[in-house]
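The values are calculated or read from the model by the stated rules, or taken from the named source; none is laboratory data. A quick note: this is a predicted structure, and the numbers were derived from the prediction, not measured. Cβ: placed from backbone, ideal geometry, glycine included. Neighbour counts: every protein chain shown. Remember, those area values only see protein heavy atoms, side chains included, never the ligands or the DNA or RNA. Shrake-Rupley method; radii C 1.70, N 1.55, O 1.52, S 1.80 Å.
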Amino acid sequence: MAVLLRGPIGETDLVHREGGWFLHATVDVPDAPLTEPVNGFLGVDLGIVNIATTSDGDVMSGERLNRYRRRQQRIRQRLQAKGTSSARRLLKKRRRRETRFTTDLNHQISKRIVAEAERTGRGIAVEQLTGLRDRVRLRKPQLAKVHSWAFAQLSRFLAYKAQRVGVAFTQVDPAHTSQRCHVRGWTDRKNRRTQASFVCGRCGFVGHADHNAALNIAARGVERWGEVRRPHAAPTL
């Protein structure tokens, strides 16, 4: 409401949905001037078990979402088995409800990450999501989660919220971020012992696998930002 009161209102639509009326209004909000990330980048590793893990070690678990989706899937299967018109209406209603649930969760997570980056004078670095489904090797039940989870939406939310407050945002090459030791740079697929455990086979570093990946992403964020801001200084291949 505060945003509506501050600026000129553009196109508006009055929408009737699920027994309620909603007013959709567009407002142009100017972006804040870009602040150089003088203290580096906050790396963000996106995943399924943990929705997002930052290079500060802040872990946002996906258990709540996955538990909710498992329950919704069971209900959908029962409704699909019925095949009645009322069951189909309920299916549509539940799909919209699940979408709103996921969107709200992504808003909460992105707001929390951007606020921390702004507070500490850092930018935000995430992995490029191109080819995510091809890179993730999982069993069929888990693949459904990968295909349905809104990785791209969370990345978009981080990007526009960062732009709104002037926080630098960049996407980095995701290759081997989960297999590379952030301490010595030793890369080996055996380093990641389990989903949660990382043990470097060269220097012996032991840590949380997603946290280690986020630290690698943060370091690549610094490199990538240097290439973007100073392209003449970027290494030639």
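Can you bin segment 19-130 into rounded, prolate or oblate? Criterion: square roots of the alpha carbon gyration tensor eigenvalues sorted a ≥ b ≥ c, rounded for a/c under 1.5, prolate for a/b above b/c, oblate for the rest. The shape class here is oblate. Stretching the chain fully between Val27 and Arg95 yields a gain of 21.7 nm (0.36 nm per residue, less the alpha carbon separation).
Multiply the residue separation of Val38 and Lys190 by 0.36 nm, subtract the distance between their alpha-carbon atoms, and state the gained length in nm to one decimal.
In short, 51.3 nm is gained.
Along segment 33-39 the Karplus relation, 6.51 cos²θ - 1.76 cosθ + 1.60 evaluated at θ = phi - 60°, assigns HN-Hα couplings of x, 5, 9, 5, x, 5, 9 Hz to successive residues, with x for each Gly and Pro.
In the assembled protein chains, His107 presents an accessible area of approximately 60 Å² (probe radius 1.4 Å).
Our coupling estimate for segment 99-112, obtained by passing each phi through the Karplus curve with A = 6.51, B = -1.76, C = 1.60 and θ = phi - 60°, is 4, 5, 4, 5, 4, 4, 5, 5, 5, 4, 5, 5, 4, 5 Hz, Gly and Pro reported as x. Shape call for segment 157-237 from the C-alpha gyration tensor, a ≥ b ≥ c root eigenvalues: rounded (a/c under 1.5), prolate (a/b greater than b/c) or oblate? In terms of gyration-tensor shape, oblate. Under the simplified labelling scheme, the Val49-Arg119 pair shows an inter-label distance of 2.7 nm, with each label point 7 Å from Cα along Cα→Cβ.
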